[in-house]
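Some notes on the structure that comes next.
The values are calculated or read from the model by the stated rules, or taken from the named source; none is laboratory data. Computed from a prediction, not measured in an experiment: that's the story for all the values here. Here the Cβ is made from the backbone with ideal geometry for all residues, glycine too, and neighbour counts use every protein chain on show. Accessible surface is based on the protein model in full, side chains and every heavy atom, while ligands, DNA and RNA are left aside. Shrake-Rupley method; radii C 1.70, N 1.55, O 1.52, S 1.80 Å.
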2 protein chains.
Amino acid sequence: MRKRQIILNADEIPKQWYNILADIKMNPPLGPDGNPVSPDQLAPVFPMNLIEQEVSDQRWIDIPDEVLDVLSLWRPAPLVRAYNLEKALGTPAHIYYKNETVSPAGSHKPNTAVPQAYYNKVFGIKKITTETGAGQWGSALSFACSQFGLECKVFMVRISFDQKPYRKSMMAAWGGKCIPSPSTETKAGREALERDPDTPGSLGIAISEAIEAAVTDESGETRYSLGSVLNHVMLHQTIIGLEAKKQMEIAGEYPDIIIGCAGGGSNFAGLAFPFVHDKINGKQIEIYPVEPAGCPTLTRAPFVYDHGDTARYTPLLPMYSLGHAFVPPPVHAGGLRYHGMAPTVSQLVNEGMLTARSVGQQKAYEAGVLVARSEGIIPAPETTHALACVVEEALKAKEEGKEKVILFNWSGHGLLDLAAYDAFFEGNIKDFAQTDEELEASEKIFADFPKPANIKSR
Amino acid sequence: MRKRQIILNADEIPKQWYNILADIKMNPPLGPDGNPVSPDQLAPVFPMNLIEQEVSDQRWIDIPDEVLDVLSLWRPAPLVRAYNLEKALGTPAHIYYKNETVSPAGSHKPNTAVPQAYYNKVFGIKKITTETGAGQWGSALSFACSQFGLECKVFMVRISFDQKPYRKSMMAAWGGKCIPSPSTETKAGREALERDPDTPGSLGIAISEAIEAAVTDESGETRYSLGSVLNHVMLHQTIIGLEAKKQMEIAGEYPDIIIGCAGGGSNFAGLAFPFVHDKINGKQIEIYPVEPAGCPTLTRAPFVYDHGDTARYTPLLPMYSLGHAFVPPPVHAGGLRYHGMAPTVSQLVNEGMLTARSVGQQKAYEAGVLVARSEGIIPAPETTHALACVVEEALKAKEEGKEKVILFNWSGHGLLDLAAYDAFFEGNIKDFAQTDEELEASEKIFADFPKPANIKSR
């Protein structure tokens, strides 16, 4: 009997996260005065223990036992050899995926939601606010808060809130409260509604709302939590790649190609960074973050200093950005609708360690259905973007007659996103793209900001 | 670090199913002439290889390699110690659950969908028809058919079709076709609509439609598949209990109490039967099938010969039955809305090996939310009925100060059933019950049928 799942024992769960900051040199985030932002300036937004993690350059960071205890409900997660997909494509490539759909929330997001809730709890925080795109992050944080007895409030991008009504119910089942963004509850939300009462919303706006709701709570017991982009989020997600390395070793293989979808960058980084460490040390690997063609941050935007949110509450982050006021078109993969990108992922793309790709929705769903019917799990819309790239690389290997080893991250299942599949079967999936002029116009917004140092332009 | 999940290695997946028919004596199913039904009479409905399994009394039956290959995508499934639930209840009981939510379809149903699709394929069948209540079974069979390249057509009970619109999309993602039942496509459906144009539908009607659609297909390449009730379905599900036995042994415990929800009986039997074997051989175990109070087959109906479907296409089965025309009230747990019960489960209840329980919806959802917030996974409405019983038994153990070991089957997740949770939070969950007079009226329908032998009356 061939072995499809490669499963680690309970005691083989990684006990430390890998911190990429030990291996790359970054531009610092800047405060409103243009100087590097200090931990104290972030204190109203995040608990200090997470801020310390955000700025740490220690290569290995211990995972607290209380966090491992919750993660061990579904981790170690399986590594799966996609034999049926290989057969469907007739490719000599060996395709493996890390199955992150097995968490209670159905995605990789709890990998950071759990430690974030834990560190907030330890710091004495009672309530966490956040934003969510497709709803994966808001669900994950609601779950994590329920594990540690914290309140959770989620601002959900309006188009996703409308497209995916059951995300709200899911958060409610775990005790989380979810409202559509922009809302009238915050100044940032009210301003966004004034600019465009019919706006589909964006992650940039929802982040502004969630930060504002946290810092304006006078009890001092509320903090904000971000599900992607920041260094400590990437750190927490590396448990994916660290497990995958052990599992690939058991399979007796090493990946030639690593693929993950990228919106803010966290599921991609989680799988890729432990392998980036190897690449920095000389290994030959192609590593592809894949974004939607309708929100082409890594593939078409410049590397700049820009805010992470629309209302400019966050520090200036060194990253590829379409401009903090950019409202991405309503692609179904709500988790990929973000104007910026994790600074760490951005930096590695700029250094040529990663090669960014983009795909249109139509191609993504075609791959999604093919893979659902061969491998069984129905992929989240975000994951389908990675799958389109996997299919392309597997067919390329077939053309070249090469037995390449492809590893990708199955970041989530699509059971809360089935309306998108309906749209696909009805022929109602649109491919979005911006003209160069449109992108230039939206990028004007950071023209006067400081420029990051030692950065190659396109 | 405490061990929450007990995971078996890939090669520890059971290679044989356990057949309870080796250990109990049953009344035979009867044909239209009142005589035991012959395999040939079933041949237009099922492929002969499955009919042979249906009537086999061999204790151990080999699982084909091709079936194990597909099951190994998610099996062996985890056994989980519910530490957080124990803590939330303050009980000295040790609570374990078998996590059947990890399959691509999100429930235990693929355990039999996969072998059924396989045996049909081997027999040369091209298309399978079936019914589905909540949609778990229709999804599972669509998935299984996609794995073996078969067509799949699903008649879905109308109330569930309306309550759970994304079930249809899920089946479509795997290439399955789902239509609401009663439909106008079959004689049985048209008659049901004539009797009551506003009927919520029932499993009994949907089964009739699916059987009719199979046997009237003149190509001879279509067969029908049932997701519960029949002997071969119970057989395939025993992989759950066989894994659980190995895992409990690893945990160094043996259950005092076993609990599963029961509609047609399959997830319950899957966990319980391998332990029933031990009980027959002298082990002390309490085993509880739990049904909704609104559809009280095991707890209030008589043990009789009755049809499995409304249009009386099936043989007469020896079982507890509310009458084949009984239309259960619209409880959210669509998978438990069935007038009958697996003959094997019925027989064991009648012999006192199992003790049937029933719970109302309100209590079920209260338990469901408590467990979602402690153990993380959002339970399917069906599973919440088992959970209500688990909570009751755990609190009883607390009262008695006894360290009892409770094992239950987490049959599915509720991610496609979130509207039911909305109803619960809005206070719109109804508790249904029939009066004795109502039950007597609906049970008149089998008054003239033959009576099963050696059966105790209530």
Inset, instruction - Would you mind finding the one in A:Q136, A:Q147 that is within 20 Å of the chain's Cα centre (by Cα) and open to solvent by 10 Å² or more (accessible area, probe 1.4 Å)? - result: A:Q136
Legend entry - Condition check for A:A88: open to solvent by less than 20 Å² (accessible area, probe 1.4 Å) and not basic (K, R): no
Inset, instruction - Go through the range A:395-432 and count every residue that is open to solvent by less than 80 Å² (accessible area, probe 1.4 Å) and within 14 Å of another protein chain (Cβ to nearest Cβ). - result: 16
Inset, instruction - Using the structure shown, decide if A:Y166 is in contact (Cβ under 8 Å) with a residue 60 or more places away in the chain and open to solvent by less than 10 Å² (accessible area, probe 1.4 Å). - result: no
Inset, instruction - Identify the single condition in (1) among the aromatic types (F, W, Y); (2) in a strand (DSSP E or B); (3) open to solvent by less than 10 Å² (accessible area, probe 1.4 Å) that B:Y288 does not satisfy, given that it satisfies every other one. - result: (3)
Inset, instruction - Please specify each residue of the range A:354-394 satisfying the condition of being acidic (D, E) and either on the phi > 0 side of the Ramachandran plot or within 13 Å of chain B (Cβ to nearest Cβ) (or both). - result: A:E366, A:E375
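Please find, within the range A:322-337, the residue that is nearest to A:S107 (Cα to Cα) out of those that are away from chain B (no Cβ under 14 Å), within 19 Å of the chain's Cα centre (by Cα) and open to solvent by 10 Å² or more (accessible area, probe 1.4 Å).
Only one residue fits best here, namely A:G335.
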Inset, instruction - Go through (1) under 27 Å from B:L336 (Cα atoms); (2) modelled with pLDDT of 95 or more one by one and return the number of the condition B:A93 breaks. - result: (1)
Inset, instruction - Find all pairs meeting these conditions: Cβ atoms under 9 angstrom apart; at least six residues apart or on different chains; first residue within the range B:18-33 and among the hydroxyl-bearing types (S, T, Y) and modelled with pLDDT of 95 or more; second residue open to solvent by 30 Å² or more (accessible area, probe 1.4 Å) and not in a loop (DSSP other than H, G, I, E, B). - result: B:Y18/B:W60; B:Y18/B:H277
Inset, instruction - Quick one: count up the residues across the range A:301-321 that are under 19 Å from the mean Cα position of the chain (by Cα), closer than 17 Å to A:G352 by Cβ and open to solvent by 10 Å² or more (accessible area, probe 1.4 Å). - result: 2
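Of these, A:S208, A:S228, which one is under 17 Å from the mean Cα position of the chain (by Cα) and in contact (Cβ under 8 Å) with a residue 60 or more places away in the chain?
A:S228
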Inset, instruction - Might you check whether a residue that is surrounded by 15 or more Cβ atoms within 10 Å (Cβ to Cβ) and within 29 Å of B:P379 (Cβ to Cβ) occurs anywhere in the range A:179-188? - result: yes
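So, of the residues in the range A:2-21 that are more than 10 Å from chain B (Cβ to nearest Cβ) and assigned to a helix (DSSP H, G or I), which turns out to be surrounded by the fewest Cβ atoms within 10 Å (Cβ to Cβ)?
Here the residue is A:E12.
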Legend entry - Per-region count, the range B:83-108, residues among the hydrophobic types (A, V, I, L, M, F, W, C) and within 26 Å of the chain's Cα centre (by Cα): 4
Inset, instruction - Could you grab me the full set of residues in the range A:43-62 that are in a helix (DSSP H, G or I) and in contact (Cβ under 8 Å) with a residue 60 or more places away in the chain? - result: A:M48, A:N49, A:L50, A:Q53, A:E54, A:V55
Legend entry - Unique match (being under 27 Å from A:Y254 (Cα atoms) and in contact (Cβ under 8 Å) with a residue 60 or more places away in the chain) among A:N120, A:N84: A:N84
Inset, instruction - Read through the list (1) touching a Phe, Trp or Tyr at 6+ places or on another chain (Cβ under 9 Å); (2) more than 14 Å from every other protein chain (Cβ to nearest Cβ); (3) at pLDDT 95 or above; (4) part of a loop (DSSP other than H, G, I, E, B), then give the number of the only condition that B:S457 fails. - result: (3)
Inset, instruction - Filter the range A:207-253 for residues that are in a helix (DSSP H, G or I), within 25 Å of A:Q347 (Cα to Cα) and not β-branched (V, I, T) and give the result. - result: A:S208, A:N231, A:H232, A:M234, A:L235, A:H236, A:Q237, A:G241, A:L242, A:E243, A:A244, A:K245
Legend entry - Of residues in the range A:104-117 being open to solvent by 10 Å² or more (accessible area, probe 1.4 Å) and touching a residue at least 40 places away in the same chain (Cβ under 8 Å), the one nearest to A:A213 (Cα to Cα): A:K109
Inset, instruction - Mind listing whichever residues of the range B:249-269 are of a type in the set (D, E, K, R) and over 23 Å from B:E12 (Cα atoms)? - result: B:D256
Legend entry - Conditions (1) within 14 Å of another protein chain (Cβ to nearest Cβ); (2) surrounded by fewer than 21 Cβ atoms within 10 Å (Cβ to Cβ): number failed by A:E351: (1)
Inset, instruction - Would you point out which residue out of B:G227, B:G175, B:G264, B:G204 is within 30 Å of B:A419 (Cβ to Cβ), in contact with a helix residue (DSSP H, G or I) (Cβ under 6 Å, 6 or more places away or on another chain) and surrounded by 24 or more Cβ atoms within 10 Å (Cβ to Cβ)? - result: B:G227
Inset, instruction - Could you check the range A:75-182 for helices (runs of 4 or more DSSP H) lying wholly inside it with 3 or more residues that are within 13 Å of chain B (Cβ to nearest Cβ) and under 30 Å from A:K246 (Cβ atoms)? - result: A:83-89, A:110-122, A:136-148
Inset, instruction - Among the candidates A:D40, A:D69, A:D62, single out the residue that is open to solvent by 80 Å² or more (accessible area, probe 1.4 Å), within 14 Å of another protein chain (Cβ to nearest Cβ) and more than 20 Å from the chain's Cα centre (by Cα). - result: A:D62
